[in-house]
Amino acid sequence: MRVLMIAPPGAGKGTQGALIAAHFDIPHIATGELLRDHVVRRTALGQAVQAYLDCGELVPDQVVLDMVREAMVAAKAAGGGYVLDGIPRNMQQARATYLIARELGMTADVALHLQADDAELMRRLLARAALEHRSDDTPDIIAQRLALYHEVTSPIISWYRDRGILVSVDAMRSAQQVGREILAALEAMRPFLDQVPALARRSVDLTGLGDAFGATGPTAGTSG
Ligand code: AMP
């Protein structure tokens, strides 16, 4: 299973990415986590990117693309599956990620889009700020990250829709409900992934199904 996630900050991509990774036993490649880890360890890369993270701006594309290439090579050696979380953030990254994956013979099966409105995202991120003290979870920086998402990240969604690999999920519900719906959708696709030619794939929109989908899907735990 090869999944990439597109979601605004606070939509739950970390939680759902970890859930998918655990369920399918595949690496969870989270660019924000990898960058924060460099900052904490005070590596040269960490020192170079800290200011971008602190003010909610995107770090230069090449920095994340190099990190992701390395992680994808490791994922290939581990069996070829992955969950990409936090990349792509703009159209250039979308194209570059596709080219890296194509070169390695592991392009994404699914682009998973988590949808939630800004007021709810702001509420969740401020609640997280009280617990985790992330330097970029202040009201001003959250607003900046949301604006950046709408401006440069959300336009890439239509690219995945056109490629026929988009699955959209309503992320306004609890992490457990959202997780159940995601796993049910991915499990339903799994038997066909190796057989359907990439060009024949169609996008799937689950956002209209609401709770009924989660209620009928298989039960599955979430990681938080
Ligand atoms: P996240 O944990 O995904 O919310 O990312 C936290 C921060 O890491 C972002 O606000 C950016 O500063 C940086 N970052 C994460 N992923 C990327 C990416 N693909 N491109 C550029 N910057 C990124």
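The values are calculated or read from the model by the stated rules, or taken from the named source; none is laboratory data. A quick note: this is a predicted structure, and the numbers were derived from the prediction, not measured. All Cβ positions, even for glycine, are placed from backbone atoms using ideal geometry, and neighbour counts span all protein chains on display. The area values use the complete protein model at the heavy-atom level, side chains included, leaving out ligands, DNA and RNA. Shrake-Rupley method; radii C 1.70, N 1.55, O 1.52, S 1.80 Å.
Which numbered condition in (1) among the charged types (D, E, K, R); (2) over 20 Å from MET5 (Cα atoms); (3) open to solvent by 70 Å² or more (accessible area, probe 1.4 Å) is the only one that ARG89 fails?
All conditions pass for ARG89, except number (2).
Inside the stretch 129-149, can you point out the residues that are open to solvent by less than 60 Å² (accessible area, probe 1.4 Å) and either charged (D, E, K, R) or touching a Lys or Arg at 6+ places or on another chain (Cβ under 7 Å) (or both)?
Once the filter is applied, which keeps residues that are open to solvent by less than 60 Å² (accessible area, probe 1.4 Å) and either charged (D, E, K, R) or touching a Lys or Arg at 6+ places or on another chain (Cβ under 7 Å) (or both), the stretch 129-149 yields ARG134, ASP136, ASP137, ARG145.
Quick check on this structure: which one of VAL169, VAL204 is at pLDDT 65 or above, closer than 16 Å to THR15 by Cα and either open to solvent by less than 10 Å² (accessible area, probe 1.4 Å) or touching a Ser or Thr at 6+ places or on another chain (Cβ under 8 Å) (or both)? Steps first, answer last, please.
Values: VAL204 fails: closer than 16 Å to THR15 by Cα.
Every option except VAL169 fails the conditions.
Output the qualifying pairs, or none if there are none: Cβ atoms under 8 angstrom, residues six or more apart or on different chains, first residue in the stretch 99-116 and touching a residue at least 60 places away in the same chain (Cβ under 8 Å) and open to solvent by 20 Å² or more (accessible area, probe 1.4 Å), second residue among the hydroxyl-bearing types (Ser, Thr, Tyr) and not in a helix (DSSP H, G or I).
Taking only residues 6 or more apart or on different chains, the pairs are GLN115/SER168.
Which count do you get for residues in the stretch 58-80 that are surrounded by fewer than 14 Cβ atoms within 10 Å (Cβ to Cβ) and either more than 25 Å from ILE26 (Cβ to Cβ) or in contact (Cβ under 8 Å) with a residue 60 or more places away in the chain (or both)?
Selection size over the stretch 58-80: 2.
Hey, among VAL59, VAL40, VAL64, which residue is β-branched (Val, Ile, Thr) and away from the ligand (no atom under 12 Å from the Cβ)?
When all the criteria are applied, what remains is VAL40.
For the stretch 186-196, does any single residue satisfy the condition of being surrounded by 15 or more Cβ atoms within 10 Å (Cβ to Cβ), within 16 Å of the ligand (Cβ to nearest atom), under 18 Å from the mean Cα position of the chain (by Cα) and within 18 Å of MET5 (Cα to Cα)?
Within the stretch 186-196, not a single residue is surrounded by 15 or more Cβ atoms within 10 Å (Cβ to Cβ), within 16 Å of the ligand (Cβ to nearest atom), under 18 Å from the mean Cα position of the chain (by Cα) and within 18 Å of MET5 (Cα to Cα).
Would you confirm whether or not the stretch 36-52 contains a residue that is at pLDDT 95 or above, part of a loop (DSSP other than H, G, I, E, B) and crowded, with 18+ Cβ neighbours inside 10 Å?
No, there is no match, as no residue in the stretch 36-52 is at pLDDT 95 or above, part of a loop (DSSP other than H, G, I, E, B) and crowded, with 18+ Cβ neighbours inside 10 Å.
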